[in-house]
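The structure appears below as structure tokens.
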Amino acid sequence: MNPSYLKVFLTFARNSLVRDMSFRFNFILTCFASVSWALMNFLLFKIIYQHTDSIGVDTGWHENEFFIFLGTIWIINSLIQTFFMANAEGFSEMIRTGSLDFALLKPIDTQFLISFPRINWAQIPNGLLGLSLVIYSLRALMNDSEKVISIGPVEWILYVFYIGCGVVVMYSVMIILASTSIWLGRNQNLHTFWFYITNFYRYPMEIYQKSGIGMALWGTFTFVIPILVVSNVPARILAQPLERGWYDWQSLYAIFAAAASLVVSRWVFKFALSSYRSASS
Amino acid sequence: MSQAIPVAEQSLSLMQRARIWWTFFQVAINERLVYRGDFMIGTLMRFLPTLTQIFLWWAIYDVVAQSGSDSIASYRYGDMVAYYLMVTIARAFSSMPGLTSGIANQVRNGEVKKFLIQPIDMQGCLLVQRIAHKLVYYLIATLPFALVFFLCRDFFIDGWPSTEVTIVFFASLILTFLLGFFMESAIGLISFWFLEVTSLTFIYMLMNFLLSGHMFPLELLPESPINVRGFVEFLPFKYLAYFPAAVFLGKVEGPEMYRGLAIEASWVLFFIIISRIMWIRGVKRYSGYGG
């Protein structure tokens with residue numbers, strides 16, 4: 001018996017939409033909240049760029065380039081929060097309350113079942129805002145006569161592809177974090193922990209590439225938890241700081257990182273499930 | 001029912017009231033000590049964003065240095081990092097997690113009734129609890145804080161400030177605690193009029209984050225064409241994070257510093273009065289049924 005994964009997914013999406021729409025005021029409020037946090041971040045960098053013309057010497061992250069980077073981050077974040085954040089938290093909660101039993105009994109892949117049931121539509125506007133920021137900054141960059149920048153369909157396809165890779169990596173990190181609740185009993189700090197980790201991928205990696213601690217951070221977040229490449233690679237494809245586009249070893253590495261983290265997260269998830277012993281009764 | 005409070009409270013001597021508050025204080029202390037392990041790790045984690053700030057500003061100051069300058073709006077690189085560290089301290093005093101929503105919940109589910117029939121003042125009791133929580137927090141957080149500040153000692157270019165400045169700094173920290181408390185409890189008390197204050201709390205949080213100097217020193221704000229900085233300096237939010245840090249780093253000095261302290265004290269007084277009026281008015285409006 002093979003369930004249609006697409007149909008199940010669409011049902012999840014529809015149910016979530018119905019649910020969001022029944023608390024409309026709350027929905028609008030959540031949209032407003034996430035958009036305003038993003039705008040505040042924007043404001044911070046707008047102010048920083050009043051006082052400097054790039055982040056890092058010779059890194060090429062001038063204002064327009066950097067806002068393409070920022071927009072890319074918003075898009076990835078929005079996708080993660082729309083599809084996975086609530087679900088990862090739900091998963092931790094299921095482990096704590098023991099309702100994971102019911103998920104295990106259903107004739108469908110458990111990881112799929114716990115990864116998608118709740119789609120948080122209110123986080124979509126943030127991604128659209130990110131996309132607008134990317135397009136707006138890209139236009140400004142192309143009108144800048146000093147910059148040589150070439151954006152064709154290939155770059156856009158690669159951009160979308162690498163954003164996909166980024167989402168895969170972030171999803172894997174999140175599932176691994178959530179799976180730890182099986183051993184830790186409860187993982188209330190998932191959200192906080194997530195905030196602290198993502199804190200490192202929000203900046204161009206060049207800022208870490210000096211001094212010992214910086215290189216250690218760069219290495220950790222490139223090779224152990226590969227979150228730096230997922231934000232930097234797609235942003236570089238469009239922003240092209242230093243005329244360096246997608247041709248870089250990191251572009252190849254990002255594909256590998258996405259595949260590897262998916263495999264590892266799958267393995268951790270299965271391993272965690274095998275130590276699951278239900279709660280109560 | 002609302003008539004009950006003033007009568008009941010008057011009949012208590014100062015000694016008796018002090019004893020009630022002491023009990024609340026002890027209970028709150030014990031409550032907090034239970035989670036001390038979680039706490040220490042949580043406090044250390046709190047400095048992780050500072051780590052990225054250090055690298056971000058390093059990269060920015062490298063660019064600034066190229067144009068022959070060593071500071072942005074009077075902040076050298078060390079000052080900038082020290083500023084973020086000091087803001088963490090100020091925020092440890094002024095942030096009141098769960099205060100607004102706690103008050104709103106008590107009003108909504110009727111728990112607030114217990115303060116109407118018992119001879120205990122709600123705000124007084126919340127304040128005592130908050131002091132207890134904060135004291136435990138500082139007690140436990142001292143270790144991680146000391147570690148981080150020791151590691152970052154070189155960012156404090158001018159070293160420890162003079163005794164005078166230190167005293168003003170500590171005074172501003174105590175005032176920032178009171179300001180945070182009374183400001184947030186005033187927002188919580190709005191729930192006597194609107195049952196749902198989540199959106200208001202959110203707006204407050206946003207304003208706080210943006211205008212208190214939590215994200216960047218207020219000196220970075222533009223003064224022309226519109227004087228944004230002047231406007232932000234006029235609001236009470238800057239005393240929640242910016243002011244204590246700026247005093248410590250010598251960015252506000254002399255008469256300016258004392259003037260700031262006096263304005264901070266006036267804001268505290270203002271919010272004490274506002275929240276008292278709101279409480280008295282709110283209780284008059286309030287009606288509770290059943291048990």
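Nothing in this text is a laboratory measurement; each read-out follows from the coordinates by a stated rule. Since this is a predicted model, take the numbers as computed values, not measurements. Don't worry about glycine lacking a Cβ; one is built from the backbone with ideal geometry, like all the others, and counts go over all protein chains shown.
May I ask you to list, by number, the DSSP H helices of chain A whose Cα span along the axis is at least 30 Å and whose average Kyte-Doolittle hydropathy reaches 0.5 or more? Let's see the in-between values first.
Details: long enough: A:24-51 (41 Å, 1.01); A:153-179 (39 Å, 1.83); A:249-274 (37 Å, 1.13).
Membrane-span-like by this rule: A:24-51, A:153-179, A:249-274.
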Span-like helices, chain B: DSSP H, alpha-carbon axial extent 18 Å or more, mean Kyte-Doolittle -0.5 or greater, which ones? B:14-33, B:48-66, B:77-94, B:122-151, B:163-189, B:198-211, B:254-285
Which value in nm describes the separation of the simple spin-label points at B:Leu200 and A:Ala260, placed 7 Å from the Cα toward the beta carbon? 5.3 nm
GNM on chain A, C-alpha springs below 10 Å: top fluctuator among A:Leu100, A:Leu131, A:Leu29? A:Leu29
Two-site label geometry, A:Ser132 and A:Ser278: point separation in nm, points 7 Å out along Cα→Cβ: 5.1 nm
On average, how much area does the Cα convex hull of segment A:5-274 cover when viewed from any direction, in nm²? 15.7 nm²
In nm, to one decimal, how far is the modelled label at B:Leu139 from the one at B:Leu14, with both set 7 Å along Cα→Cβ? 2.7 nm
Report, by chain and number, residues whose modeled amide H sits under 5 Å from the one on A:Tyr201, excluding near sequence neighbours (fewer than 5 apart, same chain). none
Calculate the length of the line joining the C-alpha centroid of segment A:60-106 to that of segment B:187-261, in whole Å. 31 Å
Hey, got the Cα dimensions of chain B along the principal axes, in Å, largest first? 72, 46, 34
Name the residue, out of B:Ser199, B:Ser191, B:Ser172, whose mean-square fluctuation peaks in a Gaussian network model built on chain B with Cα pairs under 10 Å. B:Ser199
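Set the bar at 27 Å for Cα to Cα. Now go through A:Lys210/B:Lys134; A:Lys7/A:Lys270; B:Lys238/B:Lys284; B:Lys113/B:Lys238; B:Lys114/B:Lys134 and name every pair that lies beyond it.
Values: A:Lys210/B:Lys134 38 Å; A:Lys7/A:Lys270 24 Å; B:Lys238/B:Lys284 34 Å; B:Lys113/B:Lys238 35 Å; B:Lys114/B:Lys134 24 Å.
Violating the 27 Å limit, Cα to Cα: A:Lys210/B:Lys134; B:Lys238/B:Lys284; B:Lys113/B:Lys238.
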In which sequence would B:Asp62, A:Asp248 go, from the one with the fewest C-beta neighbours within 10 Å to the one with the most? A:Asp248, B:Asp62
Segment A:Ser4-A:Met21, length gained on full extension (0.36 nm per residue, minus Cα span): 3.5 nm
When you look at the Cβ of every residue in A:42-54, what mean number of other chain Cβ atoms sits within 10 Å? 4
Of A:Ile73, A:Ile207, A:Ile163, which has the largest mean-square fluctuation in a 10 Å C-alpha GNM of chain A? A:Ile207
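Averaging sequence separations of C-alpha pairs under 8 Å and six or more residues apart, then dividing by the length of segment B:4-285, give the relative contact order as a whole percent.
Values: 267 pairs, mean separation 78.9, N = 282.
Relative contact order here is 28 percent.
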Alpha carbon centroid spacing (whole Å) that separates segment B:90-111 from segment A:249-281: 39 Å
Mean ellipticity per residue at 222 nm, deg cm²/dmol - from DSSP H runs of n ≥ 4 across chain B, formula -39500 (n - 2.57): -23500 deg cm²/dmol
